[in-house]
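K.L.:
Handing you this structure, nothing more for now.
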Amino acid sequence: MMTKPTEGVISVAQANAAKMADRNTSFVFDEWYVAALASEVGRSLLSRTLLGRRIVLYRTQAGTVVALDDRCIHRSYPLSAGTLENDTIVCGYHGFRYGAEGDLVEIPSQDRCPRGLGVHRYPVREIGPMIWIYMGEASAPRTEPPIEAVLNLSKWEYSEGYLPLRGNYVSLHENLLDLTHLSYIHAKSFGTPDYARAPFEVEIEEGCYALKRSVVPTTLPPVWAVPTGISSPSAARIATSTFVSPGLHVVEVTFYDSALPEEERTRFTIRTLHLPTPESHDSTHYFIVHCRDFALENQEITKFMHDQLFSAFREDVEALELLEGVLRCADADFFEISIASDRPSVEMRKYLKRRAGATLGT
Ligand code: FES
Ligand SMILES: [Fe+2]
């Protein structure tokens, strides 16, 4: 019995995969990523590896977030292992002192401190619960964090969280872009059996990849049925996953009762910001901000939804860690077959590969 594809099918699949980003592809540095939750950064030194670079974060006395390369220019001791004195860092090895701009301002073993020495200071923006960092070389980035084009946080109720993921960020984007997996990975949480077979549409343009799935009629799982009050089997669940940038993926879902006439339908919308920041090729900082436009200022609902959602997102983390274990062992015979619902993610991965190549060339 023949179960393995022919050599021809395998070589076409491998040729396509060669154009797509995977766990070995370089990172896209010329972009904004979430470095930390705002609540994590205070008056102590926070060390974090982002896109393979060690960064130290802290707040000045005035509350401004500072992000510097976490390596003393003297003998490479991590600055995060030093001390924060007022707005300066004193290296814990031989006492070099750095100002909030990253400039070296004092060498204790000599009177004179040469000018023009220091460490790179990264541009940062604090937006709601997120600290964004620009990882490109330029000290003045050409763009702003993509979040502001996606939503105005002040109009939404939100809660945020962080999950460490022992897996590559490309797989996380791919997971988010095709929610077919809700019927399987999330069968016991917020998935329903009809999800995988629901009709979908795709939208593809350079740098923006989306898949919209319409699950109508359906029964909502408790995480949505309780806060919306839609408990009938005539619910509509319309979900759009959009890759916005290497550091931002938005999933928007609208719910309403499809049994009601159009004009009587109350629509409830959630937008989840999935914020993957590569730590290394094997690990990702997975930040999440979950926003809703209903039950505003209802903290009980916030807690209920947050707990349910984060236990579902942990299912993704577990699945992606299992997947990573397989991908790590890929050999020369490795191939994968893509299907119609993979189109946005295939194009997204090609885009990431092009961007990674462009970064390397500059
Ligand atoms: S390594 Fe920092 S002062 Fe020597
Ligand atoms: Fe998922």
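The values are calculated or read from the model by the stated rules, or taken from the named source; none is laboratory data. The model shown is predicted, which means the values in this text are computed figures rather than measured ones. Positions of Cβ are generated from backbone atoms using ideal geometry, with glycine treated the same way; all protein chains shown enter the neighbour counts. Please note that ligands, DNA and RNA were not included when accessible areas were found on the heavy atoms of the full protein model with its side chains. Shrake-Rupley method; radii C 1.70, N 1.55, O 1.52, S 1.80 Å.
K.L.:
Excluding residues fewer than 8 places away in the same chain, name every one of the aspartates and glutamates whose C-alpha is closer than 17 Å to that of Lys212.
P.N.:
Partners within reach: Glu174, Asp178, Asp194, Glu201, Glu203, Glu252, Asp342, Glu347.
K.L.:
Now for a separate question. Do any trypsin sites (Lys or Arg not before Pro) in region 318-362 lie in a loop, going by DSSP, with at most 15 other beta-carbon atoms within 10 Å of their beta carbon, and if so which? List each step's numbers first, then the result.
P.N.:
On the way: sites: Arg328, Arg349, Lys350, Lys353, Arg354, Arg355; in loops: Arg328.
For trypsin sites (Lys or Arg not before Pro) across region 318-362 that sit outside H, G, I, E and B with at most 15 neighbouring Cβ atoms in 10 Å, the list reads Arg328.
K.L.:
Report Glu297's accessible area, 1.4 Å probe, all protein chains in place, as a number in Å² to the nearest 10.
P.N.:
150
K.L.:
For region 78-224, what Kirkwood radius comes out of the mean inverse Cα-Cα distance, in Å?
P.N.:
Working: mean 1/r = 0.0487 Å⁻¹.
In region 78-224 this quantity evaluates to 20.5 Å.
K.L.:
When only the heavy atoms of the protein chains count and the probe is 1.4 Å, how do Leu323, Leu177 rank by accessible area, highest first?
P.N.:
Details: Leu323 70, Leu177 5 Å².
Highest to lowest solvent-accessible surface, that is Leu323, Leu177.
K.L.:
Please compute the per residue accessible area over the chain with all protein chains in place, 1.4 Å probe, rounded to a whole number of Å².
P.N.:
Numbers: 17310 Å² over 362 residues.
I get 48 Å² per residue for the chain.
K.L.:
Can you list the aspartates and glutamates whose alpha carbon sits under 17 Å from that of Lys4, skipping same-chain ones fewer than 8 residues off?
P.N.:
Within the straight-line limit of under 17 Å, Lys4 reaches these aspartates and glutamates: Asp331, Asp333, Glu336.
K.L.:
How big is the gap, in Å, between the Cα center of region 1-25 and the Cα center of region 114-131?
P.N.:
Cα centres, region 1-25 to region 114-131: 42 Å.
K.L.:
Give the aspartates and glutamates whose C-alpha is closer than 12 Å to that of Lys353, dropping any in the same chain fewer than 8 places away, or say none.
P.N.:
Filter leaves Asp22.
K.L.:
Multiply the residue separation of Lys188 and Lys350 by 0.36 nm, subtract the distance between their alpha-carbon atoms, and state the gained length in nm to one decimal.
P.N.:
55.0 nm
K.L.:
Follow-up. What span do the alpha-carbon atoms of the chain cover on each of the three principal axes, reported in whole Å from largest to smallest?
P.N.:
For the chain, the Cα spread along each principal axis is 79, 58, 32 Å.
K.L.:
So how do 214-220, 25-31 stack up, highest first, on mean other-Cβ count within 10 Å? Don't skip to the answer; put the middle values down first.
P.N.:
Values: 214-220: 18.4, 25-31: 20.4.
For the peptides 214-220, 25-31, the packing ranking is 25-31, 214-220.
K.L.:
Follow-up question, since we're still on this one. Let me make sure I get this right: for region 147-361, a, b and c are the square roots of the gyration tensor eigenvalues over alpha carbons, sorted descending. Under 1.5 in a/c it's rounded, otherwise prolate if a/b > b/c, else oblate. Which is it?
P.N.:
Values: a/c = 1.71, a/b = 1.57, b/c = 1.09.
Cα axes put region 147-361 in the prolate bin.
K.L.:
What's the long-distance tail for region 40-134, i.e. % of Cα pairs beyond 19 Å?
P.N.:
34
K.L.:
Which GluC sites (Glu not before Pro) in region 75-164 sit in a loop by DSSP (not H, G, I, E or B) and have at most 15 other Cβ atoms within 10 Å of their own Cβ? Walk me through the intermediate numbers first.
P.N.:
Numbers: sites: Glu85, Glu101, Glu106, Glu126, Glu137, Glu148, Glu157, Glu160; in loops: Glu101, Glu137.
Taking region 75-164 and a limit of 15 other Cβ atoms within 10 Å, the loop GluC sites (Glu not before Pro) found are Glu101, Glu137.
K.L.:
Rank these residues by their accessible area, most exposed first, probe 1.4 Å: Cys208, Cys291. The partial results should precede the final answer.
P.N.:
Numbers: Cys208 45, Cys291 0 Å².
These residues rank, largest area first, as Cys208, Cys291.
K.L.:
Let me ask you something else. What's the local net charge at Lys4, with K and R +1, D and E -1, over the other residues with C-beta under 14 Å away? Numbers along the way, then the final one.
P.N.:
Details: positive: none; negative: Glu7, Asp333, Glu336.
Result for the neighbourhood of Lys4: -3.
K.L.:
Next question. Ordering Val105, Val90 from largest to smallest accessible area (1.4 angstrom probe), what's the sequence? Before the final figure, lay out each step's value.
P.N.:
Details: Val105 70, Val90 25 Å².
Of Val105, Val90, the descending order of accessible area is Val105, Val90.
K.L.:
Could you work out [θ]222 nm for the chain from helices alone, using -39500 (n - 2.57) per DSSP H run of at least four and dividing by all its residues? Round to the nearest 500 deg cm²/dmol. Working shown, then result.
P.N.:
Numbers: 6 runs with 79 residues, N = 362.
The per-residue figure over the chain is -7000 deg cm²/dmol.
K.L.:
Restricting to DSSP loop positions (anything but H, G, I, E, B) with no more than 15 other Cβ atoms inside 10 Å of their own Cβ, which chymotrypsin sites (Phe, Trp or Tyr not before Pro) remain in region 136-200? Don't skip to the end; give the middle numbers.
P.N.:
On the way: sites: Trp156, Tyr158, Tyr162, Tyr169, Tyr184, Phe190, Tyr195, Phe200; in loops: Trp156, Tyr184, Phe190, Tyr195.
Within region 136-200, the qualifying chymotrypsin sites (Phe, Trp or Tyr not before Pro) (loop, at most 15 other Cβ atoms within 10 Å) are Tyr184.
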